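The values are calculated or read from the model by the stated rules, or taken from the named source; none is laboratory data. What you are looking at is a predicted structure, and each value in this text was computed from that prediction instead of being measured. Reconstructed Cβ throughout: ideal geometry from the backbone, glycine too, with neighbour counts over all protein chains shown. Note: areas computed on protein heavy atoms with side chains; ligands, DNA, RNA excluded. Shrake-Rupley method; radii C 1.70, N 1.55, O 1.52, S 1.80 Å.
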Amino acid sequence: MYMKQHIPNALTLLNLLCGSIAVIFAIQDNFITASFFVFLGIFFDFFDGFAARKLNVQSELGLQLDSLADMVTSGLVPGIVMYKLLALTVNTSNTVDGDWSSNTGWLDFDLPILPLLGLLITLASAYRLANFNLDTEQQNFFKGLPTPANTLLIVSLPLIMEFQDSDFINGIILNKWFLIGLTFLSCYLLNANIKLFALKFKDWSFKTNATRYIFILLCIVLLITLQFAAIPTIILLYIIMSVLDNLTTK
């Protein structure tokens, strides 16, 4: 029993480890590898809660640890990625030069102001996670967009540019007004009072899980046809289906 109760926490710590590694790669502009570790971290984030429920070892420690890990993987990483993307739109250096001795003073550090807006996503994520820990209602649904879903939305942008190279799409993604708008939209959705369904199955019947099954099926179809470009579409679909589900269940 003593060992069993630590299994979910071990998975949570793996999420934190993946998020920390993703931060390092994101800072180095290696968005592909950073995204891989984000995906891996979200995988562990899903299964730590699943393991806690199946093993019946939910705890307050696990809840707090989960949010702390999410703050890195699904809070800090998307903020850094958006910072980096915004930095590309202002055509200026956004990192410290490799020679440490020549960058020890504030005047030697090139820190453009506009890209810092991307870190609002990190702040909004922290606020959402703190609210989530205090809200006892969010057991079978979410209020606002979950931080992992928001992170997938943000990290999908460099993946779309890398693997689905299109001048038209790249022009949209690297438009500073698009990125600024997406940043504020992201912050709003994270903390919006919108009831969104959770992918938690109490049973496997289609009747009680119709929305979830249809959503998963559509996600598979979209990922096959649109690849990484499907991710923003899936997030939009998730919100629309949740709103429709709320209307039909009233």
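Taking first residues from the range 53-65 that are touching a residue at least 12 places away in the same chain (Cβ under 8 Å) and partners that are of a type in the set (A, V, I, L, M, F, W, C) and open to solvent by 60 Å² or more (accessible area, probe 1.4 Å), the Cβ contacts under 9 Å between residues at least 6 apart in sequence or on separate chains come to Leu55/Ile7; Val57/Met1; Val57/Ile7; Leu65/Leu13. Where residues in the range 151-186 are without any contact (Cβ under 8 Å) to a residue 24 or more places away in the chain and among the aromatic types (Phe, Trp, Tyr), which of them is nearest to Phe141 (Cα to Cα)? That would be Phe178.
The single condition among (1) at pLDDT 95 or above; (2) under 16 Å from Met241 (Cβ atoms); (3) aromatic (Phe, Trp, Tyr) that Phe206 does not meet is (1). Kindly indicate whether Leu182 is out of contact with any strand residue (DSSP E or B) (no Cβ under 8 Å at 6 or more places or on another chain), modelled with pLDDT under 90 and either within 22 Å of Leu76 (Cβ to Cβ) or open to solvent by less than 20 Å² (accessible area, probe 1.4 Å) (or both). So Leu182 fails the test.
Does Leu189 fit the bill of being free of Cβ contacts under 8 Å to residues at least 12 places away in the same chain and within 14 Å of the chain's Cα centre (by Cα)? Considered against the rule, which asks whether it is free of Cβ contacts under 8 Å to residues at least 12 places away in the same chain and within 14 Å of the chain's Cα centre (by Cα), Leu189 comes out as no.
Taken over the range 1-46, the criterion of being of a type in the set (S, T, N, Q) and closer than 22 Å to Gln58 by Cβ is satisfied by Gln5, Asn9, Thr12, Asn15.
Inspect all residues belonging to the range 120-127 and state whether any of them is open to solvent by 10 Å² or more (accessible area, probe 1.4 Å) and either at pLDDT below 90 or assigned to a loop (DSSP other than H, G, I, E, B) (or both). Checked against the condition, which is being open to solvent by 10 Å² or more (accessible area, probe 1.4 Å) and either at pLDDT below 90 or assigned to a loop (DSSP other than H, G, I, E, B) (or both), the range 120-127 yields no hits at all.
If you check Tyr238, Tyr213, which single one turns out to be outside any loop (DSSP other than H, G, I, E, B), among the aromatic types (Phe, Trp, Tyr) and crowded, with 16+ Cβ neighbours inside 10 Å?
Within the list Tyr238, Tyr213, the selection yields Tyr238.
For Ile224, the conditions (1) open to solvent by 60 Å² or more (accessible area, probe 1.4 Å); (2) in a loop (DSSP other than H, G, I, E, B) are fulfilled apart from (2). Just one of (1) over 26 Å from Asn15 (Cβ atoms); (2) open to solvent by less than 80 Å² (accessible area, probe 1.4 Å); (3) at pLDDT below 95 fails for Asn193. It is (2).
Residues that are crowded, with 21+ Cβ neighbours inside 10 Å, of a type outside the set (Asp, Glu) and either at pLDDT below 90 or in a loop (DSSP other than H, G, I, E, B) (or both) do occur in the range 146-169, at least one of them.
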